[in-house]
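Encoded as structure tokens, the structure appears first; notes follow it.
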Amino acid sequence: MFVTGEIQIVPIGTEASLTPYIAKVKSVIEKSGLEHSMHDSGTNFQGEYSLVADVAQQCMQSVLDSGAPRVLCYLKLGARNDKDAAADIPAAEKVAAHLKS
């Protein structure tokens, strides 16, 4: 099943700077080949559900392996079967085109 969504990884019980943990998460996502776009409060993605679930687990484990005593993962997923979501134009591009017209 092809899904689109957003993941947010939150290390808990760490120093004020989360940069080292988020850098590890970014590395995991990039190595996975999952199509993604990182932003200030999470990462948007699209791909096969099995890959997304595996990447989410790897992201959480990378934070724990980096010394965080706890980690939260917020995962939002959406799927559709009325058209090929993998071939669809991303919503942000559709909105930008609409605003230009």
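The values are calculated or read from the model by the stated rules, or taken from the named source; none is laboratory data. Only a predicted model underlies this, so the values are computations on that prediction, with no experimental measurement involved. Ideal geometry is used to build each Cβ from the backbone, glycine not excepted, and the neighbour counts take in all protein chains shown. Ligands, DNA and RNA are stripped out before the accessible areas are found, and what is left, the full protein with its side chains, is counted by its heavy atoms. Shrake-Rupley method; radii C 1.70, N 1.55, O 1.52, S 1.80 Å.
Structural remarks
- Elements of type strands (runs of 3 or more DSSP E) in the stretch 1-49, at least 2 residues being in contact with a strand residue (DSSP E or B) (Cβ under 6 Å, 6 or more places away or on another chain) and without any contact (Cβ under 8 Å) to a residue 60 or more places away in the chain: 35-39, 42-48
- Here D82 clears all of (1) open to solvent by less than 80 Å² (accessible area, probe 1.4 Å); (2) at pLDDT 85 or above; (3) more than 25 Å from I22 (Cα to Cα) except the condition numbered (1).
- Residue satisfying condition, being touching a Phe, Trp or Tyr at 6+ places or on another chain (Cβ under 6 Å), among the small types (G, A, S), over 23 Å from E93 (Cα atoms) and surrounded by 12 or more Cβ atoms within 10 Å (Cβ to Cβ), within set S62, S66, S32: S66
- Selection status of A53, surrounded by fewer than 15 Cβ atoms within 10 Å (Cβ to Cβ), in contact (Cβ under 8 Å) with a residue 60 or more places away in the chain and under 26 Å from V10 (Cα atoms): no
- If you filter the stretch 60-70 down to residues that are hydrophobic (A, V, I, L, M, F, W, C) and out of contact with any Ser or Thr (no Cβ under 9 Å at 6 or more places or on another chain), you find that the one that is nearest to K31 (Cα to Cα) is M60.
- In the stretch 1-29, residue farthest from G67 (Cα to Cα) [restricted to those that are open to solvent by 30 Å² or more (accessible area, probe 1.4 Å) and β-branched (V, I, T)]: T4
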